[in-house]
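Reading through the structure tokens given below for one structure.
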């Protein structure tokens, strides 16, 4: 049955009404919280009108709402929930942390152990020689770009339209900066466009660029993977201009055990930022990279740093943070590194590949998009687009609506369709799997996608 914009809009209004009727307890939670929190929560990403589903308990890959409904969780805490909910090894580590004291206000063996474990995974293939911990990916990206400015003595950061590097480092378009973007000199180029990068760089003095900040796959921007050729070009331009290449792998480091996408593609950045799941599900972020750069934070260096131009400067950078090494995160993070073996991560990402190919097959079968090879799906310029399409790498994917994501009503209708089928998804179609998901879980998700496409796939 063909659908028009008016039929989609009418169906959406009906779906919203059904949602409100089915979720009175969630609405009550929302209304009560709205007296104290703008939009009833303190995290913009999870607001979903008319109100979000309120969750009371979670286990494995299931969550239960305040209204008593149990959902298959396909959100995975936006990649941070890779272990599933309440993994027994994580719980055991947290219990040990609570027994032995939560806030030390001092160093312990824990932070060194976690750093060594993370470094072991990312040093050889991603160049992670030294690290520093933060409380979030946002902090990690702020500190990485600031470090680059200090190291180079320059001010400009090249970033990309559609990129998200944290709540104060968001660049939705090439035009006016987001109102919440922290002050700084930014150059915004088109993502995955070598020509756009070269054009933008030609407009500024060669000695003004401090760093290139890039997500190898844009996460919040829609799971859009950059081509290897594009990333290689950024590596070459950064080297040429004596600027730093910063890979934001806060989301994507889970897509390949040996070094994230940096390692998968064989491209070493100068600095890398990570976080999310690496803290075992607790608040966490990190930035790190080449030893000589990170030594700027070492007060034992004597305060003399040899910077990019070969000169020595008296400098020892200070990076504090009350909870940077909090023992809860350190315990959980260490436990997490033991869980995520190469075999476990490989299996997880293969499951994500299965999901993406299954949805793609449905869309191809309905004539919504053209067929694509695995290589095509790893380059957003080659990913087939249509009324409904899918993109992603491994265990992180997104379903899109409209060639340029313009079919917002259809996107919202899909959200309420999935919720009605007791599958918890994000409003924007983002999906992040956890290690406790099974093939049956993915088949259930795919079946629900298929039923939606059957009804609403035709324009």
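Residues 456, 151, ranked from the fewest to the most other C-beta atoms within 10 Å, line up as 456, 151. Can you give me the relative contact order of the stretch 89-339 as a percent, contacts being Cα pairs under 8 Å and 6 or more apart? Taking the mean separation of contacting Cα pairs over the length of the stretch 89-339, I get 28 percent.
If the Kirkwood radius is taken over C-alpha pairs of the stretch 286-419, then at 20 °C and 1.002 mPa s the Stokes-Einstein diffusion coefficient equals 110 µm²/s.
For the chain, what's the relative contact order in percent, using C-alpha pairs closer than 8 Å and at least 6 residues apart? Let's see the in-between values first.
Values: 888 pairs, mean separation 94.3, N = 459.
Relative contact order for the chain comes out at 21 percent.
Which shape class applies to the stretch 208-303: rounded if a/c is under 1.5, otherwise prolate when a/b exceeds b/c and oblate if not, where a ≥ b ≥ c are the square roots of the Cα gyration tensor eigenvalues?
Working: a/c = 2.04, a/b = 1.13, b/c = 1.81.
In terms of gyration-tensor shape, oblate.
Nearest 10 degrees is fine. How inclined is helix 228-240 to the longest principal axis of the chain, computing both from alpha carbons? Tilt of helix 228-240: around 20 degrees. Once the Cβ-Cβ distance of residue 202 and residue 176 is raised to the sixth power relative to R0 = 30 Å, the FRET efficiency obtained is 0.85. Mean residue ellipticity, 222 nm, helices only, the chain: the sum of -39500 (n - 2.57) across DSSP H runs of n ≥ 4, divided by residue count and rounded to 500, is -12500 deg cm²/dmol. Under 1.5 on a/c is rounded, so check that first for the stretch 165-230, then, if it is not, pick prolate when a/b is larger than b/c and oblate when it is not; a ≥ b ≥ c are the square roots of the alpha carbon gyration tensor eigenvalues. Oblate is the answer for the stretch 165-230, as a/c is 1.5 or above yet b/c matches or exceeds a/b.
Based on alpha carbons, the Rg and Dmax found for the stretch 121-274 are 14.0, 39 Å. Please work out the FRET efficiency for the pair residue 33 and residue 322, using the Cβ-Cβ distance as r and a Förster radius of 22 Å; give the result to the nearest 0.05. Efficiency for this residue pair is about 0.25.
Using only C-alpha positions, report the orientation-averaged shadow area of the convex hull of the chain, nm², one decimal. Please list the in-between numbers first.
Values: hull surface 88.6 nm².
Mean projected area for the chain: 22.2 nm², to one decimal.
Each residue, residue 44 and residue 14, gets one label point 7 Å from its Cα in the Cβ direction; the gap between the two is 3.4 nm.
Average projected area of the Cα convex hull of the stretch 78-191, in nm²? Display every interim value, and only then the final one.
Numbers: hull surface 40.3 nm².
Directional mean of the projected Cα hull area for the stretch 78-191 stands at 10.1 nm².
For the chain, the longest principal axis of the C-alpha atoms and the axis of helix 439-456 are separated by about 60°. Residues 300, 382 in ascending order of nearby Cβ atoms (within 10 Å, fewest first): 300, 382.
Computed from the Cβ-Cβ distance with R0 of 45 Å, the FRET efficiency linking residue 375 to residue 119 stands at 0.90.
Rg and Dmax of the stretch 13-77, based on Cα coordinates, read 12.0, 33 Å.
When you count the other C-beta atoms within 10 angstrom of each residue and take the mean per peptide, 224-232, 246-254, 152-160, 328-336 line up highest first as 246-254, 328-336, 152-160, 224-232.
Roughly speaking, what is the centre-to-centre gap between the stretch 195-262 and the stretch 7-45 when only Cα atoms are used, to the nearest Å? The stretch 195-262 and the stretch 7-45 have Cα centres separated by 38 Å. For the chain, take the longest principal axis of its alpha carbons; what is the angle in degrees between that and the long axis of helix 5-22, to the nearest 10 within 0 to 90? Helix 5-22 and the main axis of the chain meet at about 90 degrees. By the beta-carbon count within 10 Å of each Cβ, the least crowded to most crowded order of 417, 400, fewest first, is 417, 400.
Considering only beta bridges that DSSP places wholly inside the chain, some 65 percent are antiparallel.
For the stretch 337-372 versus the stretch 58-88, the spacing of their alpha-carbon centroids is 20 Å. Please state, as a whole number in µm²/s, the translational diffusion coefficient that the Stokes-Einstein equation yields for the stretch 337-398 at 4 °C and 1.567 mPa s, with Rh defined as the Kirkwood radius across alpha carbon pairs. For the chosen part, D equals 105 µm²/s.
Quick one: which of 167-177, 33-43 comes out on top by average Cβ neighbours within 10 Å, and what's the full order, highest first?
Numbers: 167-177: 15.7, 33-43: 12.8.
Top to bottom by mean Cβ count within 10 Å: 167-177, 33-43.
Does the stretch 245-298 come out rounded, prolate or oblate by the C-alpha gyration tensor, with a ≥ b ≥ c the root eigenvalues, rounded set by a/c under 1.5 and, if not, prolate when a/b is larger than b/c and oblate if not? Since a/c reaches 1.5 but b/c is at least a/b, the shape of the stretch 245-298 is classed as oblate.
Just so you know, all these numbers are worked out from the coordinates, no wet-lab data involved. None of these values were measured; they are calculated from a predicted model. Cβ atoms come from the backbone with ideal geometry, glycine included; neighbour counts cover every protein chain shown.
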